[in-house]
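Below is one structure, written out as structure tokens, with a few remarks after it.
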Amino acid sequence: MSTKAETIGIILAGGRGERAKPITLESADYIRSKALIPFVGRRLIEWVLESCRVQGIRRFYVVTHGLENRNQIKLLLGHGERHGVRITYSRSRFDRYNVGSAGATLHNLEQWDLQGRALVLPVDSLFDFDLGALHATHDARDALVTVAAVARTPAEIAHKYGVMRTDERDLVQGFVEKPGLTELGELFPRTLAEPDTGLPTNAGMYLVDCGRLRLLAREPELFRQSHQRLDWGGDLLPWLVRHGHPVATHTIGRLGDLGNVPDYLDTVRLVLNGAYEQMNRLMDQPDDTARRRWIHESSLQTKDDVTGTTLAQKIDEGSVVIGAGVRIGRDVEIGPGVRLENADVGDGAEVREGSTLVRSTVGESAVIGAYADIADSYIGPMAEVRSERTRPIRLERHTAVGDGAVLWPGSRLCGVTVYPRLRVPALAGVPARTELRSAEDVLRWV
């Protein structure tokens, strides 16, 4: 049982990660947990855990779902020994109830007999927040739930995000689901004169009073809903507000949604460029602070097989250009004539001569062939981009290449998703948002 003086962490990690494909796929029919998405040198759940640990949370409860999801996370984290925390996992017999974010929370609060405060957060987002400030707002409003909010302009919100209507004390009065600009102007007239006004949107992280919430969960209507499907944003929070229970908002610094490829790439870029204060504290200090560059010593000493010179030598002589916001992991081989900017390169990867990587991510042990031109794209672990000088490959606009996929020389892909393990011949003219899931899908475009 938790005590009221202790804040525990509840990590909701049971989702399947459908929107994040192919990042969440190891093969076409084997999906990895969203918690294990590779992100700037570590798995995402490790960053989530560490960001909470440094703010004083030492006990974590992880809500999982299914054998693979549970085993993958448990193999990575164990029971928290390596991270200096204690981790408890949800029981498999309750998986049938973990069918909504709020339902899963309520069932497990009861199972774990939690009474104090809990920080409930998803595993597919990166938060820039101050737990002490969140507690201060919670105390000042005597809130049952305090919602971490991100301030967004009407232009950012329109048809994409829900908005919370609040009073002068930042207590929620109602919710508006993905309004258009016209509706926003009617509901929030000040935005017409001040279009840069920030309105509160739900970040998906909640500070809750467990005991009070458990009592409410026994209400017949809520109890019934929690055994069907009950989500935080769409169901539980509106129910609490309708029934007069205090739900407060607290604006946090930033939210990075890693649920799809464009948002994943954008969050990586922002982290590498220092936009997340909390990640700045958690990550190692850059080797070059002004340009925010991290290059592991083993990679600086790795020689390429064309010139036989180390990366350190090539940087000194100017044959490799490494711009701002670049992280290069361990034992990476970089060829001559390579240009990197706003790029994350995983351990053991190869970036061969003449290639350009901009605003892109390359997974562990992936190979980027010669003279590839890659922008705003994701290359998964062990993938091969077999570019050649006479037949270079160009990838752009959120193209995503899954684990172990192979692209043959000459391809031009724009906004295309390639599933893991596929072998793709030279393709051009494939429409954006096309998903190549199987060999049959590839053949349609050959």
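No value in this document is a laboratory result; all are computed from the given coordinates. From a predicted model like this one, the values you see are computed outputs, not experimental measurements. Quick reminder, even Gly has a Cβ in these numbers, built from the backbone with ideal geometry, and neighbours come from all protein chains shown.
The aspartates and glutamates whose alpha-carbon is closer than 15 Å to the alpha-carbon of K21, local same-chain residues fewer than 8 away aside, are D29, D124, D257, D263, D403, E435. Against the main long axis of the alpha-carbon atoms of the chain, helix 131-141 sits at an angle near 30°.
If each DSSP helix of 4+ residues adds -39,500 (n - 2.57) and the sum is divided by the residues in the chain, what number results at 222 nm, nearest 500 deg cm²/dmol?
Numbers: 15 runs with 113 residues, N = 446.
Value at 222 nm, helices only, nearest 500: -6500 deg cm²/dmol.
Straight Cα distances below 30 angstrom link K303 to the lysines K314, with same-chain residues fewer than 8 positions distant left out. Inter-label distance, R229 to E388: 5.0 nm, where each label sits 7 Å from its Cα along the C-beta direction. As a rough guide to protection, the peptides 384-391, 223-230, 115-122 ranked by mean Cβ packing within 10 Å, highest first, stand as 115-122, 384-391, 223-230.
Based on alpha-carbon positions alone, could you give the equivalent ellipsoid semi-axes of the chain from the gyration tensor, as √(5λ), descending, whole Å? The partial results should precede the final answer.
Numbers: eigenvalues 336, 109, 100 Å².
After diagonalising the Cα gyration tensor, the semi-axes are 41, 23, 22 Å.
Highest mean packing first, where packing is the average number of other Cβ atoms within 10 Å per residue, the peptides 65-74, 270-279 line up as 270-279, 65-74.
Averaged over residues, the count of other Cβ atoms within 10 Å places the peptides 164-170, 438-444, 248-254 in the sequence 248-254, 164-170, 438-444, highest first.
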